[in-house]
Every structure is written in structure tokens, then in C-alpha cells.
Amino acid sequence: MTHPPVFKGVATALATPFYKDGIDWVSFGRLIEFQLARGVDALVVCGTTGESATLSDEEQAMAVDFCVRQTRGRVPVIAGAGSNDTRRACRLAERAAICGADAILAVTPYYNKATANGLFGHYRAICEIAGKPVIVYNVPSRTGVNITPEQYAHLCELPGVAGIKEADADLEKTARTFALCREKTYVYCGNDALFLPFLALGGAGAVSVISNAAPMRMKKLYSAFAAGDIKTALRIQDGLTETEKLLFCEPNPVPVKALLSHMGLCRPDVRLPLTEMEKEKARKLFAAAEEIIKSEDAVTEKE
């Protein structure tokens, strides 16, 4: 690889706090500072967890600009710029770059059912206009598109492709992706429950949902693995398992927003067609995350 990684370690896929019909900027700033105080390595804004599907183009640009300004260069800011319309994806990527994003996270074009040639053309167009490192984001459970290891290897030929975010749970396929791409680009875990297996395969880190609420835990897991302390990494992973499961008992980011609200960081508001979390499911989530919340809050008391 001739290019440095956009980040190594843990990047939090930030939730976008809402208030009435707009973005709650006060809470957004609070979320960002909560992350930075706990040592995350990068922030992802306007991704799946940021509800990019229901943000207007103007709101996305405003959110990226706000995150860049709030972060002030302390960690890289990675901006989601995905669409099933290549022209719109390019516009979003260009505006994010103008706002100062350090890299672009571009989800596969959903619904259209693009061929391998279509995927290559889509990412080539984004790379050319963004002028920033581009991370290819594969999340087949949402998009209906699943990039194959061979397609990844072809995409890595694009000079602008600086990483892969893989959210497919098929570890056999993931192992082949690493075998074909390990020397060409960086691979990031997009499924919190598989963070440790990804690291074992040579992953550079994770773009994480649970780190919205547990950034220190995720960072400690990564640091323990990097130091060769597999026993500690396993213990941390085991301690996160039940919360990780419950964070996806309803569509993301409904549960994580409920948890952030429970922690006093933002409101639980989501935009239709998403709806707030069912109370009984929320109760189980809060109970499972109780220890995590206490450990993360301990930092807040020192701030």
C-alpha cells in the first residue's frame, strides 16, 4: 500500500440528533465531545447510523461542516456520501470535501442492481470528483448489493480507494477479501460483533455503532489486541455482546439513539419511517448496557 490509512482503531458512526424538524446542534456538539474525550480515532458523520437516508443534501453538508469545525482536526472526519444515483453521490462527496472532510464513506448504490462494471464506474466517479480518500462501504442487508472479494480487488485498483468497510457477516467471504486485498488497501469492520475476528484477519479497525455509547470499551478492545493481550480483548468483546445484539433488535439507529437519550446525551427522536424504540425492548437494552454506561460516565465526572 502506498497510501496511509485514513485511521486505525475505532471510528464512531455518529448518530445525528434531531429536534422537531431539524438537527439538534447543541446535542451534536455534546456527542462529538463525548467521543473525543474517550479517545476514539475518527468520526463518521452522515452514515447509516446518522440517518443519511432522511437527511436533505443541505442538512448533510451542514452536518459535515459542523463536525469538522467542532472536531478542529483532533481526529479525522469521514463523511458519508452515498446514493443510488451516482451524480448525487458525487455532489455529496464534493460538498463534503469542500467542508473539510478528511475522507468519504460511500455506500454501494442500492436498488439499481448495478453490475460489477457499474460499481466500478460509480466509485471511479466519486474518487475523481472528491479528491479525498474514499472508503467503499458494503452493507448488503440494507442495500441488496454484496460486493464480492474479486470485485473488491478490482475496486482497489482505483487510486482514490483507501479502504473497505465490510458489514457482511459472512466471515468466509471476509477472509477471502483479506487474502485478495490485504496488501492493496485497509479493511474496516462494519459489524461490531465481529470486531475481534476482523482484527485477527488483519483489519485496521472498525466503524462502530456501539461506540456511540461505549467508545472507551471499543478503544480498549482494539488497544488490547494491538498489544497482544488477547485475553483482555476477548473479555471486553464478551462484555459487549448482549448490548451489541440489542442495538439491532430494531433498525439502526433506533436503539442506539434510545440508549444515548438514556445517557442524557441527546433526544431519542428519529425520522419516519423509523419510529422510537418499543419500551420493553428499550428496558432490556438499558439493563444490558448498565455497566458500560457507568464506566463511560466515570470519564464525564472527571471532565
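The values are calculated or read from the model by the stated rules, or taken from the named source; none is laboratory data. Since the model is a prediction, treat every value here as computed from it, not as a measurement. Neighbour counts are summed over all protein chains in view; Cβ atoms, including those assigned to glycine, are modelled from backbone coordinates with ideal geometry.
Of note, ILE104 does not satisfy the criterion of being buried (at least 20 other Cβ atoms within 10 Å of the Cβ), in contact with an Asp or Glu (Cβ under 7 Å, 6 or more places away or on another chain), aliphatic (A, V, I, L, M) and not in a helix (DSSP H, G or I). Only a single criterion out of (1) part of a strand (DSSP E or B); (2) more than 12 Å from VAL187 (Cβ to Cβ) is not satisfied by ILE135, namely (2). For the residues CYS99, CYS90, the requirement of being out of contact with any Leu (no Cβ under 7 Å at 6 or more places or on another chain), over 13 Å from CYS46 (Cβ atoms) and modelled with pLDDT of 95 or more singles out CYS90.
Scanning the range 107-132 for residues that are in a loop (DSSP other than H, G, I, E, B) and in contact with a strand residue (DSSP E or B) (Cβ under 7 Å, 6 or more places away or on another chain) turns up THR108, LYS132. Check the range 50-72 and report whether any residue there is small (Gly, Ala, Ser) and closer than 18 Å to ASP168 by Cα. No, there is no match, as no residue in the range 50-72 is small (Gly, Ala, Ser) and closer than 18 Å to ASP168 by Cα. When the test is whether a residue is in contact with a helix residue (DSSP H, G or I) (Cβ under 8 Å, 6 or more places away or on another chain), closer than 24 Å to GLY9 by Cβ and basic (Lys, Arg), LYS132 passes it. Filter the range 6-53 for residues that are in a strand (DSSP E or B) and not β-branched (Val, Ile, Thr) and give the result. Residues satisfying the conditions are GLY9, ALA11, ALA13, PHE18, TYR19, GLY22, ALA42, LEU43. Considering only residues that are part of a helix (DSSP H, G or I) and among the aliphatic types (A, V, I, L, M), look in the range 273-289 and name the one that is surrounded by the most Cβ atoms within 10 Å (Cβ to Cβ). Here the answer is LEU285. Pairs linking a residue in the range 89-106 that is farther than 13 Å from HIS122 by Cβ to a residue that is part of a loop (DSSP other than H, G, I, E, B) and not aliphatic (A, V, I, L, M), with Cβ atoms under 6 Å and 6 or more positions apart or on different chains, are ALA97/GLY131; ALA97/LYS132; ASP102/PRO76; ALA103/LYS132; ALA103/PRO133; LEU105/GLY47.
Applying a threshold of 9 Å to beta carbon distances and a minimum spacing of six or more residues, or different chains, the list of pairs starting in the range 155-176 at a residue that is touching a residue at least 40 places away in the same chain (Cβ under 8 Å) and ending at one that is surrounded by 20 or more Cβ atoms within 10 Å (Cβ to Cβ) and of a type in the set (Lys, Arg) reads ALA162/LYS132.
Can you confirm whether ALA213 is touching a residue at least 60 places away in the same chain (Cβ under 8 Å) and under 16 Å from the mean Cα position of the chain (by Cα)? Against the criterion (touching a residue at least 60 places away in the same chain (Cβ under 8 Å) and under 16 Å from the mean Cα position of the chain (by Cα)), ALA213 qualifies. Taken over the range 102-123, residues that are of a type in the set (D, E, K, R) and either within 19 Å of VAL207 (Cβ to Cβ) or modelled with pLDDT of 95 or more (or both) amount to 1.
The set of residues from the range 113-139 being surrounded by fewer than 16 Cβ atoms within 10 Å (Cβ to Cβ) and not hydrophobic (A, V, I, L, M, F, W, C) comprises LYS113, THR115, ASN117, GLY118, GLY121, GLU128, GLY131. For the residues SER83, SER56, the requirement of being loosely packed, with under 15 Cβ neighbours inside 10 Å and within 25 Å of GLU250 (Cα to Cα) singles out SER56. Do we have PHE7 as closer than 27 Å to THR108 by Cβ, buried (at least 24 other Cβ atoms within 10 Å of the Cβ), at pLDDT 95 or above and of a type in the set (Phe, Trp, Tyr) here? When the stated conditions are applied, PHE7 passes them. Sub-6 Å Cβ pairs linking a first residue in the range 18-43 that is of a type in the set (A, V, I, L, M) to a second residue that is part of a helix (DSSP H, G or I) and at pLDDT 95 or above, at least 6 apart or interchain, are ILE32/GLN70; VAL40/PRO215, ordered by first then second residue. Of all residues in the range 59-80, those that are outside any helix (DSSP H, G or I) and buried (at least 22 other Cβ atoms within 10 Å of the Cβ) total 4. Before we move on, is GLY118 within 23 Å of ALA53 (Cα to Cα), out of contact with any Gly (no Cβ under 7 Å at 6 or more places or on another chain), without any contact (Cβ under 8 Å) to a residue 24 or more places away in the chain and not hydroxyl-bearing (Ser, Thr, Tyr)? Yes. Checking the stated criteria, ARG95 turns out not to satisfy the condition of being charged (D, E, K, R) and assigned to a loop (DSSP other than H, G, I, E, B).
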